[in-house]
Every structure is written in C-alpha cells, then in structure tokens.
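Heads up, the thing below is written out as structure tokens.
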Amino acid sequence: MKLQQLRYVWEVSRHNLNVSATAQGLFTSQPGISKQIRLLEDELGVEIFARSGKHLTRVTPVGKAIIELAGQVLRLTDNIKEVAQEFSDERRGSLSIATTHTQARYALPPVIQAFTRTYPDVALHMQQGTPKQIAQMVSEGQADFAIATESLELFNDLVLLPCYRWNRCVLVPQGHPLAEQELTLEALAAYPLVTYVFGFTGRSQLDDAFKARGLVPNVVLTAADADVIKTYVRLGMGVGIVAHMAVDAKEDSDLVALEAGHLFESSTTKIGIRRGTFMRGYMYDFLKGFASHLTRDLIDAALVAGPHQEEAFFKDIELPER
C-alpha cells in the first residue's frame, strides 16, 4: 500500500469519480491513476469503486470506509509536513480561510491587513461559500479555518471557537415611514422585507423572532450578500434587514439605519477548526487577531476536548459585541 494510492482514491472521490478531472488536478495521467487504484484494490482484496466498463459508477460500502481512513492518513501526513516546516521556518507557510461574504467584506479586512504585515511570507488564501459549504471545506481538509455564524455545528469533526456577538439593523431610504415611528416586529411585518438567504448570517434568529410573536414576515427577496440587499433597498424593493457591521456610515449615507437589537436575539460568529489540525504559530496569531480572547492555551484546550465539549471553555468569557 502506497501513500500515493491513498491520495488517488481520496481525490477521485472528491472529483465525483471523474478520473480525468482528478488527473488534471494532480498533474498526472489518467491511466496511471486507474492502474494504481486497481493495484490497491488487488492488494486489499476488495473493490473501492464499482465500475461499468472503464467508468467508475459509485463508491462501494467498503470503499466509503477506506476513503474515510485514507483522508485521515493524508491529513496526518500533512501534519507531519507542518511540524517539520514549523521548526525549519516558523514564519513561512500558507493559511486557507473559508468564510461567508459578510465576514470577508466587513470583519476580516483589518485582521488580514495586520496579519500580512506581520507574516509577509505566509500565503493567505480565502474561499467563499455558504456556511455549510465552508464547514465542509474545513472538514475535508480543503481549508484551515471556517468563519461563519450558521451551520458549523452540523460537523462533529469541527472544534468551534466563539469569537463575537452581533445583531441586526433595519435599512430604509431617507424619508421612509419606519424612520419616523417606534420600530417593532409588527411594524416590520407590514412591509416587504429584503434580507439574507436562510442559513446565512443569523437568518434563523430573524425567523424565530417573527414566529415567536405569531407573525409571518413578507420576505420578497433574499440574498447572501449584504451589498446586494442594500442595492435592492435603494431600488425600493423593500425594507432591508442586515448585520449591523455591514452598514458603512459614509458609503450608506443615503440610507437610514435603524437599530434592531431589541427585536432579535444576538448571533455568535464562530471559527471552526478540524479536530486534529496541527496549529502553526502564525495560525494562533491569526485567531488572536480576529478574537483577542482566543489565546493559545484556550485554543489548545478546545482542540483536545471531545465533540461539542469545547463550549465549556468559553462559558465564563464575555464575547465582544460588533
């Protein structure tokens, strides 16, 4: 059994059983990958992939278990490389962050700016997606950190570090009636609303608030991007509900931002890290730059805790508000 063979079966499974696409991604030949997978199957005495002619059609039940273990082996080998690099050059390496638009656009810029000044030789990569997509990226080893508010808890192999609390504001054009009256859920329910897609940026708390009052919000348009929401508020499509951090006093001076913290439960943005990740020095520094209470000792304690037990380490920490 060779490490290369394990990498091939893992990558083929990640490429939807497309051997040609896998070969392109690994800069090798398609026949070479097929041959090595066959050799591994012969050695193990089982089929990892079912076939129809020369085409792979599905992963067999035993293949699923083998691929999962292959992923664990590959992650451990990556950790070995990281350990060696940490001791050979602690200020050089790479860091991949998977996050949502709101975090990338509004929360991360000053953190990344400070980080790149301190670590100019660390290659920083950012990937965007839905909360579930970015959690899966980290779970599968395609990114180091997932930063989001929703869905991270769905993955048992992620350690979740709470970073900060935030709430929402209501956006209306200048002269809108809502700007001249007390802001209530009943008043909001009387207008068409433009807000986040379900599963993005604390949308669940918004829906829960209306439901608890027996109200059905008239959501006429949803988007994953706060800037898109603001665009349609300007076009008169409806009243916007966005994260407070997504409002810029200068850029959005044509809109009126109404505080809505009294209407909705606050949300918590978290960082998800795959359990077993080898943490390099600059990774600790990035986390502390994003949330100052995330010390090395606290992170290490959370990483070795059992699934969903890391919450105990943060129960006495008052998270900052943004």
*What full-extension length gain, to one decimal in nm, is calculated for GLN85 and THR268 as 0.36 nm per residue of separation minus the Cα-Cα distance?*
62.5 nm
*asked:* Which of GLN103, GLN113, GLN72 ends up with the largest GNM mean-square fluctuation for the chain, with Cα atoms connected below 10 Å?
replied: GLN113
_Portion, in percent, of the accessible area of the chain that falls on carbon or sulfur, probe 1.4 Å_ = 52
*Of the beta bridges DSSP finds with both residues in the chain, what % are antiparallel, to the nearest 5?*
60
*Just name one of ASN156, VAL239, LEU74: the one whose Cα is farthest towards the positive end of the charge dipole of the chain (beta-carbon charges, Lys/Arg +1, Asp/Glu -1).*
LEU74
*Show which lysines lie in cross-link reach of LYS288 when reach means a straight Cα distance below 26 angstrom and same-chain residues fewer than eight apart are skipped.*
LYS81, LYS132, LYS270, LYS315
*What ranking do 52-63, 6-17, 139-150 get when scored by the average of other Cβ atoms within 10 Å per residue, highest first?*
139-150, 6-17, 52-63
*How far is helix 61-88 tilted, in degrees, relative to the longest principal axis of the Cα atoms in the chain, given as a value from 0 to 90 rounded to the nearest 10?*
80
*List the relative contact order of the chain as a percent without decimals, with contacts defined as Cα pairs under 8 Å and 6+ residues apart.*
20
*Excluding ligands, DNA and RNA, what is the solvent-accessible area per residue of the chain at a probe of 1.4 Å, expressed in Å²?*
50
*What nm distance separates the two modelled labels at MET237 and LYS315, each placed 7 Å from Cα along Cα→Cβ?*
4.4
*Helical contribution to [θ] at 222 nm, DSSP H n ≥ 4, -39,500 (n - 2.57), averaged over the chain, rounded to 500*: -12000 deg cm²/dmol
_I need the Kirkwood Rh of the range 31-89: take the reciprocal of the average 1/r across all distinct C-alpha pairs and report it in angstrom._
13.3
*Kirkwood hydrodynamic radius of the range 200-322, from inverse mean 1/r over distinct Cα pairs, in Å*: 17.6
*Size of charge dipole - the chain - debye, nearest 20, with Cβ of Lys, Arg +1 and Asp, Glu -1, no other charges*: 1060
*Which of the listed residues, LEU294, PRO320, MET283, is farthest toward the dipole's positive end in the range 283-322, when Lys, Arg count +1 and Asp, Glu count -1 at the beta-carbon?*
MET283
*Starting from the Cα coordinates of the chain, work out the convex hull volume and express it per residue in Å³.*
175
_HN-Hα J in Hz across the range 143-152 - Karplus 6.51, -1.76, 1.60, θ = phi - 60°, x for Gly and Pro_ = 8, 8, 10, 10, 10, 6, 9, 10, 6, 4
*Degrees separating the helix 281-290 axis from the principal Cα axis of the chain, which is the longest one*: 20
*Put one equal scatterer on each alpha carbon of the range 131-275, apply the Debye formula with no solvent term, and list log10 I(q)/I(0) at q = 0.12, 0.20 1/Å to two decimals.*
-0.52, -1.16
*Please tell me the relative contact order of the range 164-269 in percent, rounded to the nearest whole number, where contacts are Cα pairs under 8 Å and at least six residues apart.*
51
*Could you calculate, for the range 1-73, the ratio of the Cα radius of gyration to the Kirkwood radius, expressed as Rg to Rh?*
0.91
*About the Cα centre of the range 151-239, how large is the charge dipole given +1 on each Lys and Arg Cβ and -1 on each Asp and Glu Cβ? Please answer in debye to the nearest 20.*
100
*Would you mind working out the magnitude of the charge dipole of the range 265-322 relative to its Cα centre, with +1 at each Lys and Arg C-beta and -1 at each Asp and Glu C-beta, to the nearest 20 Debye?*
340
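The values are calculated or read from the model by the stated rules, or taken from the named source; none is laboratory data. Model, not experiment: these values are computed from the prediction. All Cβ positions, even for glycine, are placed from backbone atoms using ideal geometry, and neighbour counts span all protein chains on display. Please note that ligands, DNA and RNA were not included when accessible areas were found on the heavy atoms of the full protein model with its side chains. Shrake-Rupley method; radii C 1.70, N 1.55, O 1.52, S 1.80 Å.
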